[in-house]
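The values are calculated or read from the model by the stated rules, or taken from the named source; none is laboratory data. From a predicted model like this one, the values you see are computed outputs, not experimental measurements. Reconstructed Cβ throughout: ideal geometry from the backbone, glycine too, with neighbour counts over all protein chains shown. What goes into the accessible areas is simple: the full protein's heavy atoms, side chains included, and nothing from ligands, DNA or RNA. Shrake-Rupley method; radii C 1.70, N 1.55, O 1.52, S 1.80 Å.
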Amino acid sequence: MKAFEFKPRLLETIKHYDRKTLMADLMAGIIVGIVALPLAIAFGIASGVTPEKGIITAIVAGLIVSVLGGSKVQIGGPTGAFIIIIYGIIQQYGMEGLAIATFMAGAFLVLFGLLHLGTIIKYIPYPIVVGFTSGIAVTIFTTQIKDLFGLSIAQVPSDFIEKWVVYAQHLSTIDLWSAIVGVASVIVIALTPRFSKKIPGSLVAIILMTVAALLLKNFAGVTTIETIGDRFSISNSLPDAHVPAMTWETIKGLVSPALTIAILGAIESLLSATVADGVVGDHHDSNTELVAQGVANLASPLFGGIPATGAIARTMTNINNGGRTPVAGIIHAAVLLLIFLFLMPLAQYIPMACLAGVLVVVSYGMSGWRSVMALMRNPKSDVTVLLITFFLTIIFDLTVAIEVGLIIACLLFMRRMAETTDVKVIYDEIDPNEELDIKAGNLEHLTIPEGVEVYEINGPYFFGAGNKFEEVMATFGDRPKVRIIRMRKVPFVDSTGIHNLTNLCQMSQKEGIQVVLSGVNDKVQKVLAKSGFYELLGEKNICSHINIALERAKELCGKND
């Protein structure tokens with residue numbers, strides 16, 4: 001394996017840094033920092049932690065991802081994808097458990113990068129990615145109904161179906177003013193891009209709805225609009241570093257959710273970096289990016305933060321506003337830090353219904369309904385994986401959805417691979433014009449001698465191919481003296497394929513039939529030699545091309561006569 005090379009893009013870009021690039025990064029960083037503020041608060045609250053923890057995550061992770069990352073323009077921070085799994089971990093293991101799970105996820109991500117898994121993770125089937133992303137979007141939307149409409153519910157159930165049952169039972173408790181604030185927030189966010197591409201709609205909605213809520217409370221006597229301050233104590237003091245106390249029992253219990261966080265973080269960050277590459281004409285280092293994401297998630301819980309990854313929306317905002325180096329991401333983290341230190345107390349006046357509206361828009365953007373509709377026209381196997389992953393995400397949880405989705409995808413892949421391998425019978429003679437392994441200059445049709453059967457394996461030789469041999473061989477009535485198996489189109493053979501081939505040879509030998517292999521490439525020959533296959537078959541019976549195999553078959557038939 002090639003040695004891992006840690007190459008943060010900051011070191012590369014800083015060599016040719018100039019004033020013009022600095023001004024562009026400065027403007028982009030300020031705008032992204034402002035955009036990240038409401039999202040960090042909303043993601044923090046929705047995840048079951050306090051608002052400041054969302055901002056701390058954006059500061060710490062955003063800084064580390066930009067300093068150490070393998071992408072020039074990636075912006076790191078908390079994202080909607082983690083909301084459901086974070087909430088579930090807190091419910092079961094508490095805040096200390098979340099810190100341990102995040103820390104473990106960071107270690108997994110670093111390991112992924114060191115093991116060069118950056119490119120492999122990109123090949124996780126698209127239906128799985130769309131399925132759990134859409135499932136997360138629906139689940140986020142479901143969790144926001146209470147705050148969006150100001151429903152009076154003491155305890156919202158964690159189960160998806162039970163949530164909607166409780167919502168239906170409490171429809172009569174809708175608070176009109178909260179509902180107006182929530183719906184108005186969605187409308188403002190949706191309409192803002194028509195008037196300004198640079199000012200984030202979420203920030204406009206928060207400012208307008210916060211001012212409106214204060215006016216309604218102070219001048220109209222409306223006190224039913226719940227704000228962040230009514231539910232949380234806001235603090236702008238920087239937290240001290242705290243290493244979570246880890247026990248073996250807690251670690252064992254959190255391996256599965258931590259691995260889910262790591263896989264989800266890897267997928268989202270690499271997807272974001274890949275999308276960014278297409279826009280700026282760059283190529284990120286996926287393994288360096290995974291290590292940076294890992295370090296970010298190792299550091300975040302030390303300061304009370306939550307899991308983080310590359311955020312597509314904020315990364316695109318960075319690019320669209322001129323950011324072209326990691327310096328923009330560093331400035332974004334600095335802007336968030338200044339807001340946290342000097343303006344954080346003002347967050348207590350933000351209506352919960354407005355934050356719910358922000359997350360409703362986020363969930364709509366995550367839903368990818370156009371991708372879902374497009375996939376529904378794909379093969380049934382892809383649709384099956386998509387729907388199973390989607391429903392497992394919303395009915396059970398993300399950990400189960402990813403695990404089962406990957407298992408199903410692997411099984412379907414195995415079936416498709418098995419279907420690509422076929423075994424055919426060649427009768428009477430071989431046309432040299434259609435062959436690749438016939439000796440040069442021999443352009444005559446090659447006649448198959450009497451008492452010889454010729455089979456051809458087309459595709460990888462692994463599980464399933466042995467059964468196909470039995471099916472094909474059943475079409476012959478007479479028992480031959482020699483079976484030639486052409487393997488010129490076999491790119492590789494695995495242990496299952498070797499086992500099947502060994503059984504076939506042993507069964508043939510018991511019946512007095514000699515097996516001859518033809519057209520075996522160097523890679524397959526090495527595998528066969530290592531497995532001791534030459535001793536079973538004899539080196540003379542493993543031929544480089546069909547001419548030699550037919551000559552060997554004639555020789556064997558002559559000896560057997």
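Name the long-range amide H neighbours of Ser518: under 5 Å, sequence gap of 5 or more, or other chain; modelled H, no Pro or chain starts.
For Ser518, the qualifying residues are Ile485, Arg486, Met487, Cys543.
Which one, Leu338, Gly150, Gln514, is farthest towards the positive end of the dipole of the chain when Lys and Arg carry +1 and Asp and Glu -1 on their Cβ?
Leu338
Pick out, from Thr260, Asn287, Phe413, the residue whose Cα sits farthest towards the positive end of the charge dipole of the chain, with +1 on the Cβ of Lys and Arg and -1 on the Cβ of Asp and Glu.
Highest projection toward the positive end goes to Asn287.
When the distances between all Cα atoms of the chain are binned every 20 Å from zero, what whole-number percent does each bin get?
19, 40, 23, 15, 3, 0
Note down the magnitude of the dipole of the chain about its Cα centre, charges +1 on Lys and Arg C-beta and -1 on Asp and Glu C-beta and zero elsewhere, to the nearest 20 debye.
Numbers: 41 positive and 45 negative charges, 266 e Å.
That gives a dipole near 1280 debye.
Report the FRET efficiency, 1/(1 + (r/R0)^6), for Ala154 and Arg231, where r is their Cβ-Cβ distance and R0 is 22 Å, rounded to 0.05.
0.95
As I understand it, the value is the acute angle between the Cα axis of helix 546-560 and the longest principal axis of the Cα atoms of the chain; what does it come to in degrees, rounded to 10?
The answer is roughly 50 degrees.
Over the chain, with the other protein chains present, what is the accessible area per residue in square angstrom, probe 1.4 angstrom?
Working: 25960 Å² over 561 residues.
Computed with neighbouring chains in place, this is 46 Å² per residue.
First measure r as the distance between the Cβ atoms of Val183 and Ala220, then evaluate 1/(1 + (r/R0)^6) with R0 = 22 Å and state the FRET efficiency to the nearest 0.05. Please list the in-between numbers first.
Values: r = 18 Å, r/R0 = 0.84.
Taking R0 as 22 Å, the efficiency between Val183 and Ala220 is 0.75.
Report the relative contact order of the stretch 107-250, percent, no decimals, based on alpha-carbon pairs under 8 angstrom and at least 6 residues apart.
Relative contact order for the stretch 107-250 comes out at 16 percent.
Need the C-alpha centroid separation for the stretch 8-23 versus the stretch 128-186, integer Å.
Using only Cα atoms to place each centre, the spacing works out to 45 Å.
Is the stretch 128-233 rounded, prolate or oblate when judged by the Cα gyration tensor, a ≥ b ≥ c being the square roots of its eigenvalues, rounded requiring a/c under 1.5 and prolate requiring a/b larger than b/c?
On the way: a/c = 2.28, a/b = 1.12, b/c = 2.03.
It is oblate, given that a/c is not under 1.5 and a/b is not larger than b/c.
Quick one: which residues, 5 or more positions from Met246 or on another chain, have an amide H under 5 Å from its amide H? H modelled 1.01 Å from N in the peptide plane, none for Pro or chain starts.
Amide H neighbours of Met246: none.
How charged is the neighbourhood of Trp177? Take every other residue with its Cβ under 11 Å from the Cβ of Trp177, and add Lys/Arg as +1 and Asp/Glu as -1.
Local net charge: -1.
Under a Cβ-Cβ cut-off of 15 Å, what is the net charge of the residues other than Ala168 that fall near it, where Lys and Arg count +1 and Asp and Glu count -1?
0
Can you bin the stretch 356-402 into rounded, prolate or oblate? Criterion: square roots of the alpha carbon gyration tensor eigenvalues sorted a ≥ b ≥ c, rounded for a/c under 1.5, prolate for a/b above b/c, oblate for the rest. Spell out each step's value before the answer.
Details: a/c = 3.88, a/b = 1.35, b/c = 2.88.
Verdict is oblate for the stretch 356-402.
For Thr247 and Met23, compute 0.36 nm times the residue count separating them, minus their Cα-Cα distance, and round to one decimal in nm.
Stretched fully, the Thr247-Met23 segment lengthens by 75.8 nm.
Can you check what the net charge comes to around Leu392, using other residues whose Cβ is under 14 Å from the Cβ of Leu392 (Lys, Arg +1; Asp, Glu -1)? It would help to have the intermediate numbers written out before the result.
Numbers: positive: none; negative: Asp159, Asp397, Glu403.
That works out to -3.
Highest mean first, what order results for 375-382, 322-329, 78-85, 487-494 on Cβ atoms within 10 Å?
Numbers: 375-382: 13.6, 322-329: 24.9, 78-85: 26.6, 487-494: 18.2.
Result, highest mean Cβ count within 10 Å first: 78-85, 322-329, 487-494, 375-382.
Classify the stretch 133-192 as rounded, prolate or oblate, taking a ≥ b ≥ c as the square roots of the eigenvalues of its Cα gyration tensor: rounded when a/c is under 1.5, otherwise prolate if a/b is larger than b/c and oblate if not.
Oblate.
HN-Hα J couplings of the stretch 181-194 from phi, Karplus 6.51/-1.76/1.60, θ = phi - 60°, integer Hz, Gly and Pro as x?
Each residue of the stretch 181-194 in turn: 4, x, 5, 4, 4, 4, 5, 4, 4, 5, 8, 3, x, 5 Hz.
Over the stretch 20-74, what is the relative contact order in percent, taking alpha-carbon pairs closer than 8 angstrom and at least six residues apart?
On the way: 27 pairs, mean separation 11.2, N = 55.
After rounding, I find 20 percent.
What percent do you get for the relative contact order of the chain when only Cα pairs under 8 Å and 6+ apart count?
Working: 1021 pairs, mean separation 124.9, N = 561.
Relative contact order, the chain: 22 percent.
Can you list residues whose amide H is under 5 Å from Thr79's amide H, if they're 5+ apart or on another chain and H is modeled 1.01 Å from N?
The list, which skips near neighbours in sequence, is Thr309.
Ignoring everything except DSSP H segments at least 4 long, calculate the 222 nm mean residue ellipticity for the chain; use -39,500 (n - 2.57) per segment, divide by total residues, nearest 500.
-20500 deg cm²/dmol
Got a sec? Charge dipole of the chain, +1 on Cβ for Lys and Arg, -1 for Asp and Glu; which of Tyr87, Ala311, Phe232 is way out at the positive end?
Farthest along the dipole direction, towards plus: Phe232.
In sequence order, what are the phi-derived ³J(HN,Hα) couplings for the stretch 319-336 according to the Karplus relation 6.51 cos²θ - 1.76 cosθ + 1.60 with θ = phi - 60°, rounded to whole Hz, with x for glycine and proline?
5, 5, 9, x, x, 9, 9, x, 4, 4, x, 5, 5, 4, 5, 5, 4, 4
Once fully extended, how much extra length lies between Met507 and Ile207, figured as 0.36 nm per residue of separation less the alpha-carbon to alpha-carbon distance?
Gain in length upon complete extension: 100.1 nm.
Once neighbouring chains are kept in place and the probe is 1.4 Å, which whole percent of the accessible area of the chain is contributed by carbon and sulfur?
63 percent
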